[in-house]
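**Q** Once you've had a glance at the structure underneath, I'll fire off some questions.
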Amino acid sequence: MQLYEFQAKKVFEQSGIPIPKGRLARTAEEAAKVAEELGDALVVKAQVLTGGRGLAGGVKFADSPEQAEKIASEIFRSVIRGERPRAVLVEERLKPLCELYAGVTYDFRRKCPVMISSSQGGVDIETVSREHPEAIARKLIDPFRRFEPYVGRGLATEIGLIGNKANEYANIVGCLWRIFEQYDAELAEANPLALTGDRLVALDAKLNLDDKSVSRQSDFLKSIEPMPADQREGYEVRRSRARELGIPTYIEMQGSIGVVADGAGSGMLTLDLVADYGGKTRVYCEMGGETTAEIMENALLAALAVKDLRAVLINLIGGLNLMDEMAKGISSYLRKHPTKVPIVVRMSGTNQDEGRRVLTAEGIRWFDSLYEAVEKAVAVSRGH
Amino acid sequence: MAILIDRGTRALVQGITGKIGSFQTKLMIEYGTNVVAGVTPGKGGQKMECVPVYDSVHQAVRETSPEVSICFVPGPYAADAAMEAVDAGLRLVVVVAEAVPLSDAVKMLALASERGSFVLGPDTAGLISPGRSKLGVQPHQLFTEGNIGIVSRSGALSYETAKTLTENRIGQSTVIGLGGGPVWGLTYRDALERFKDDQATDAVVLLGEIGGHMEEEAADYIAKGYPKPVVALVVGRTAPPGQKMGHAGAIVQQGRGAAQDKIAALRNAGAAVVNAPREIPNVIKAELRRRPRAK
């Protein structure tokens, strides 16, 4: 789960990392008001989750509150790499002497956290890593040991900082580590970390939380100021509704078939086969391998919220998942929400005989073979 | 022979009194797994499916000497339970829970590697040696005993493949689910090493998916000269980039981890690459004809 910049910055600030003065604005008028409090050197930043927002026109400088208002209203009308901004962050514009990088994430190959530092901030760290590997310092952290402050001082020296600047940098590295550890983050990153006079300021903040730690971070998650809800019906709204329904994976594409699966690998296989058979997936819902009749019903609710589907293909091959439960979920949905969209079910796995009996009794046709089911779904989606 | 578990392997079930743990224990015992004990803290002294339940793994080890464990303890507590099993000296722990916090998972894997134990998972279906033993949650009616090893990140994809093989009268020696990632204990490479030395296995099916580097590592290993045929399938060819496709580790990020790269690496290493499980039976037959079993 990725936080928006304004949310991440609040966490950074509370943990002791300096950030620019500024505030969130939900409308262009509000942006003008915030700007008036900040002076004439301003930056207006679209609050979106996509990377490369600056290149896509989501970050712009302004020299007066009027200009900030104008820029904000442009941003509110724009679509930035598929996202429609619902808020902008209006901040004072600082003049950095140089831009650094500091971050903590996981090294999945080494299976441990890693602290990353660089003297070249302001660009994607992956790019720096490719083009200027000498500008990067890394330190792996033993999962059983605490982070010790000397690690931050070491990294500061390695990227060429001296004196007070090195100390400041080491402090920020320590703050990032505490955020990373305390909130079960996957990534905590200050980039760029601007050097302005004697001060280091996080001009941008990234905080990605581990989805698998959500249950033990519920207090923290509740404390985060939410992004204003999107009133316009669209992908984002449908996706968050699916999440509320307990569907962890909801992805929309360009096509005509809804695909529902009860496993990540079998789901990806289904998507590949749909394409191989000449069909196109419109929406994909994956429920996880340990699910219930209610989630199955909700997955259909989420998938069929997409208009103009020409077929829904449900591929179930369960181990932990019980097929009789899945069949109950499907039939319950269809009783409550009769639909003209053809539903094609493939069902195999634990308790399959009981599940198939339920489907047959409800007049729902099922397949044993995935290939026959895919072929059927693609054919009906093409009007055959 | 089979790898990792065999007929008679003494198994412990952690979280045996939970809804999933008790149901899956019943299925494993019916299948022939030698479940010698269960552990649920606070429920010691009971019996579950005729299996004695203990409060701690150390106690279960003292009384019943299990060698391996399958852990049904839910996500937030799973790593702690698995570490208890590693600490008690079990050589293999299967971690079924899907939502193990990453910071717990890396601790669990670090301890296991320090102690020379293997963790399978997290977020895994476990493993099954058809006809012999099962330390997992597979729908076992889809599996038959035979000479093909399967290793897959996804459980469901391994069921799909075993089903196709079984329908074509090709049995399996051992079928392993590695888990959803993004960190793994046992890897493809580890499984390939074991299949190499397993006399019951004549060929290996490697079921890969997008994200991470494990398939590429396996390809490097195969390229050094693997003595048995490897048939590979990588799913997620049509997955949109930047999206987690159900598994935490199944994501193409900044162009890395794409199916096409993994397919190319495996093909260049000498694996026979297919597009769907139903192509596998014929390819296996052809590979085994081309490369008869090494005696």
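The values are calculated or read from the model by the stated rules, or taken from the named source; none is laboratory data. From a predicted model like this one, the values you see are computed outputs, not experimental measurements. Note that each Cβ is placed from the backbone with ideal geometry, even for glycine, and that neighbours are counted across all protein chains shown.
**Q** So which residues in segment B:17-43 are among the hydroxyl-bearing types (Ser, Thr, Tyr) and assigned to a helix (DSSP H, G or I), if there are any at all?
**A** Answer for segment B:17-43, where residues must be among the hydroxyl-bearing types (Ser, Thr, Tyr) and assigned to a helix (DSSP H, G or I): B:22, B:25, B:31.
**Q** Quick check on my filter: what residues within segment A:136-168 are surrounded by 15 or more Cβ atoms within 10 Å (Cβ to Cβ) and within 14 Å of chain B (Cβ to nearest Cβ)?
**A** Scanning segment A:136-168 gives A:141, A:143, A:147.
**Q** Within 24 Å of residue B:109 (Cβ to Cβ), in a loop (DSSP other than H, G, I, E, B) and either out of contact with any Gly (no Cβ under 8 Å at 6 or more places or on another chain) or not assigned by TED's automatic domain parsing to the domain that holds residue B:101 (or both): is that true of residue B:270 in this structure?
**A** no
**Q** Being within 22 Å of residue A:179 (Cβ to Cβ) and either modelled with pLDDT under 95 or in contact with a Leu (Cβ under 6 Å, 6 or more places away or on another chain) (or both) is the filter here, so list the residues in segment A:97-106 that pass it.
**A** Residues satisfying the conditions are A:100, A:102, A:104, A:105.
**Q** Given the criteria in the same structural domain as residue A:273 (by TED's automatic domain parsing) and either among the polar types (S, T, N, Q) or surrounded by fewer than 23 Cβ atoms within 10 Å (Cβ to Cβ) (or both), does residue A:358 qualify?
**A** yes
**Q** Looking at this structure, is residue A:110 surrounded by fewer than 21 Cβ atoms within 10 Å (Cβ to Cβ), of a type in the set (Lys, Arg) and away from chain B (no Cβ under 11 Å)?
**A** It is false that residue A:110 is surrounded by fewer than 21 Cβ atoms within 10 Å (Cβ to Cβ), of a type in the set (Lys, Arg) and away from chain B (no Cβ under 11 Å).
**Q** Take the residues of segment B:108-126 that are hydrophobic (A, V, I, L, M, F, W, C) and within 12 Å of chain A (Cβ to nearest Cβ): which is surrounded by the most Cβ atoms within 10 Å (Cβ to Cβ)?
**A** Looking at residues that are hydrophobic (A, V, I, L, M, F, W, C) and within 12 Å of chain A (Cβ to nearest Cβ), I get B:125.
**Q** Here is a check on your reading of the model: is residue A:184 of a type outside the set (A, V, I, L, M, F, W, C) and buried (at least 23 other Cβ atoms within 10 Å of the Cβ)?
**A** Against the criterion (of a type outside the set (A, V, I, L, M, F, W, C) and buried (at least 23 other Cβ atoms within 10 Å of the Cβ)), residue A:184 does not qualify.
**Q** So, one more: Working only within segment A:340-379, note down all residues that are assigned to a helix (DSSP H, G or I) and basic (Lys, Arg).
**A** A:356, A:357, A:376
**Q** Shifting gears a bit: Right, residue B:24: modelled with pLDDT of 95 or more, out of contact with any strand residue (DSSP E or B) (no Cβ under 6 Å at 6 or more places or on another chain) and under 27 Å from residue B:172 (Cα atoms) or not?
**A** Spelling it out, residue B:24 is indeed modelled with pLDDT of 95 or more, out of contact with any strand residue (DSSP E or B) (no Cβ under 6 Å at 6 or more places or on another chain) and under 27 Å from residue B:172 (Cα atoms).
Residue-wise test of (1) over 19 Å from residue B:118 (Cβ atoms); (2) not in a strand (DSSP E or B).
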site: B:45; (1), (2): yes, yes
site: B:59; (1), (2): yes, yes
site: B:62; (1), (2): yes, yes
site: B:69; (1), (2): no, no
site: B:80; (1), (2): no, yes
site: B:83; (1), (2): no, yes
site: B:86; (1), (2): no, yes
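Conditions tested, residue by residue: (1) in contact (Cβ under 8 Å) with a residue 24 or more places away in the chain; (2) in contact with an Asp or Glu (Cβ under 8 Å, 6 or more places away or on another chain); (3) among the hydrophobic types (A, V, I, L, M, F, W, C).
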residue: A:245; (1), (2), (3): yes, no, yes
residue: A:251; (1), (2), (3): yes, no, yes
residue: A:255; (1), (2), (3): yes, no, no
residue: A:267; (1), (2), (3): yes, yes, no
residue: A:288; (1), (2), (3): yes, yes, no
residue: A:295; (1), (2), (3): yes, no, yes
residue: A:301; (1), (2), (3): yes, no, yes
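**Q** Exactly one condition in (1) free of Cβ contacts under 8 Å to residues at least 24 places away in the same chain; (2) in a helix (DSSP H, G or I); (3) out of contact with any Leu (no Cβ under 6 Å at 6 or more places or on another chain) is not met by residue A:231; state its number.
**A** Unmet for residue A:231, out of (1) free of Cβ contacts under 8 Å to residues at least 24 places away in the same chain; (2) in a helix (DSSP H, G or I); (3) out of contact with any Leu (no Cβ under 6 Å at 6 or more places or on another chain): (2).
**Q** State which residue pairs qualify: first residue in the same structural domain as residue A:170 (by TED's automatic domain parsing) and inside segment A:119-131, second residue in a loop (DSSP other than H, G, I, E, B) and β-branched (Val, Ile, Thr) in any location, beta carbons under 7 Å apart, and separation of 6 or more residues or different chains.
**A** A:119/A:159
**Q** Here's a follow-up. Among the residues of segment B:276-285, is any away from chain A (no Cβ under 12 Å), surrounded by fewer than 18 Cβ atoms within 10 Å (Cβ to Cβ) and part of a loop (DSSP other than H, G, I, E, B)?
**A** no
**Q** While we're on this one: I'd like the full set of residues that are more than 23 Å from residue B:64 (Cβ to Cβ) and within 10 Å of another protein chain (Cβ to nearest Cβ), limited to segment B:77-107.
**A** Passing the criteria: B:97, B:98, B:99, B:100, B:101, B:102, B:103, B:104, B:105, B:106, B:107.
**Q** Taking the condition outside any helix (DSSP H, G or I), in contact with a helix residue (DSSP H, G or I) (Cβ under 7 Å, 6 or more places away or on another chain) and more than 9 Å from chain A (Cβ to nearest Cβ), does residue B:233 pass?
**A** no
**Q** When the residues of segment A:267-297 are narrowed to those that are acidic (Asp, Glu) and part of a helix (DSSP H, G or I), which ends up farthest from the other protein chains (Cβ to nearest Cβ)?
**A** In this case the residue turns out to be A:297.
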